[in-house]
Amino acid sequence: MLAQAHAPEHLAPAELDAYLAKGWFRMGQTIFTTNFVRFQQEIYSTIWLRVLLDQYQPDPTQIKLFKRNASFRTSIQPAALTEEKEELYIRYQQSLAFPTSESLRHLLLSDNDTPSIYNTYEVTVRDGDRLIAIGFFDLGENSAQGIVSVYDPTYKKYSLGKFLIYQKMKYCQQLKLRYFYPGYFVPGNPYFDYKLSIGRSVLQFLQLRTQQWLGIEVCNADDIPREVMRNKLVTLQKSLAEAGVENSIVKYEYFDANLVPDLREAELFDFPVFLYCANREDDILLLIVFDVRDACYHLLVCIPFWQPGEINSDPSSYSSVVLKTLNEIHATDLAEEMAAVFVKSISLKH
């Protein structure tokens, strides 16, 4: 599945390491993976990252930031939520151009009253007695994940977000941990690009089509799944046009439905883009996706799982129903072959 979420009651350090190595991350007290994310009605790919701590040496940016911020008081200790930290989070949240979790408690604990299943530490930065930045990270057995870094917007010129990440990495190096996972970056969305400059010489990305961690320097357009999927469907669309089959390529509104707590066990259809016959409103939908994991087109039979109260009026988006895959009819890496099978399947269906 391209989007999954688990809600374990306990998570041993080695188990966290295993999740992180597969491109999972935590959200509240759950742990999830996704390969796509939506910003302002557009769907982007998410590319998971990690830094090889046992090979990392302080880079010029780290050296400069540590020198610039030397007058601030920095400390690292087990995480503890306080009103002071929540107030800082609110100030930081108000400076952002996109929605975030309503509070640090919700972000870290999902408002649960039970103890956290994660071994969470915090980096605090103070200017005198004033808390100006805080970052949280979870420790595994040989790896760590950076959860969030927030800072007072009036101190923006000090690059405290990056400073916190470097502090986390330094601490994890002292613990002899091997990997630091900063989450994902999003090609096409510059907000996440800062992660690509931290530990760049030993930064790796998880290549979805091979499930291998590779050096970030080899990452290219073929490693952006959303674009590859759409480009392959456009190629198929040309073959269908020659056969006189009217069709549409659409963004799927509910590609991340498997992350919704009540739907986690449903194993719903989770591709961000698909091709289907235009102007057909059938209960059973024949659609085609391109899966970068096996480099093949797949002709799927999907059925409605749930009908939402509202739909997206954008004609480039499919939001009529939440879909569930019933079965697969055919798979091939050839556009011409898939076009022929699709045309035949449509004629049999009608």
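The values are calculated or read from the model by the stated rules, or taken from the named source; none is laboratory data. In this text, all values refer to a predicted model and were calculated from it rather than measured experimentally. Ideal geometry is used to build each Cβ from the backbone, glycine not excepted, and the neighbour counts take in all protein chains shown. Ligands, DNA and RNA are excluded from the accessible area calculation, which covers all protein heavy atoms including side chains. Shrake-Rupley method; radii C 1.70, N 1.55, O 1.52, S 1.80 Å.
Annotations
- Rounded tilt (10° steps) of 225-242 against the dominant C-alpha axis of the chain: 10 degrees
- Computed from the C-beta positions of Val245 and Ser110 and an R0 of 45 Å, the FRET efficiency is 0.45 to the nearest 0.05.
- Surface composition of the range 176-241: carbon plus sulfur atoms hold 50% of the accessible area, using a 1.4 angstrom probe and ignoring ligands, DNA and RNA.
- Shape call, the range 165-250: gyration tensor on alpha carbons, a/c limit 1.5: prolate
- 0 to 90° range, to nearest 10: angle between helix 160-174 axis and the chain longest Cα axis: 80 degrees
- Three semi-axes describe the equivalent ellipsoid of the range 46-142; taken as square roots of 5 times the Cα gyration tensor eigenvalues and ordered largest first, they are 24, 20, 15 Å.
- Ligands, DNA and RNA left out, the 1.4 Å accessible surface of the range 65-111 is 53% carbon and sulfur atoms.
- Unit charges at the beta carbon, dipole of the range 5-60: most positive-side option, Pro8, Gln40, Leu20: Gln40
- Between the beta carbons of Trp213 and Ile76, assuming R0 = 30 Å, the FRET efficiency works out to 0.65 to the nearest 0.05.
- Cα centre as origin, Lys/Arg/Asp/Glu Cβ charges: the range 85-182 dipole, Debye: 560 debye
- Accessible surface area normalised per residue over the range 74-136 is 52 Å², counting heavy atoms of protein chains with a 1.4 Å rolling probe.
- Heavy-atom accessible surface of the range 288-347, averaged per residue, reaches 50 Å², computed with a 1.4 Å probe.
- Modelled spin labels at Ile90 and Thr235, positioned 7 Å past Cα toward Cβ, are 5.4 nm from each other.
- Other residues whose C-beta falls under 11 angstrom from the C-beta of Asp294 contribute a net charge of 0, scoring Lys and Arg +1 and Asp and Glu -1.
- Taking a ≥ b ≥ c as the square roots of the eigenvalues of the Cα gyration tensor, an a/c ratio of 1.5 or more together with a/b no larger than b/c marks the range 79-134 as oblate.
- Packing rank of 37-43, 206-212, 193-199, where each peptide gets the mean count of other beta carbons within 10 Å, highest leading: 193-199, 206-212, 37-43
- Between Asp127 and Gln40, full extension at 0.36 nm per residue minus the direct alpha carbon distance yields a gain of 27.7 nm.
- Whole-number accessible area per residue in Å² for the range 184-270, which is evaluated in the context of all protein chains at 1.4 Å: 48 Å²
- Spacing of the two label points (7 Å from each Cα toward its C-beta) at Glu102 and Asn189, in nm: 2.2 nm
- In nm, spacing of pseudo-spin labels at Glu9 and Ala340 (7 Å Cα→C-beta vector): 5.5 nm
- Net charge, Ser197 excluded, C-beta distance under 9 Å - Lys, Arg +1, Asp, Glu -1: +1
- Prolate/oblate/rounded label for the range 245-326 (Cα gyration tensor, a/c 1.5): oblate
- Local net charge near Pro13, Cβ-Cβ under 13 Å (Lys/Arg +1, Asp/Glu -1): -3
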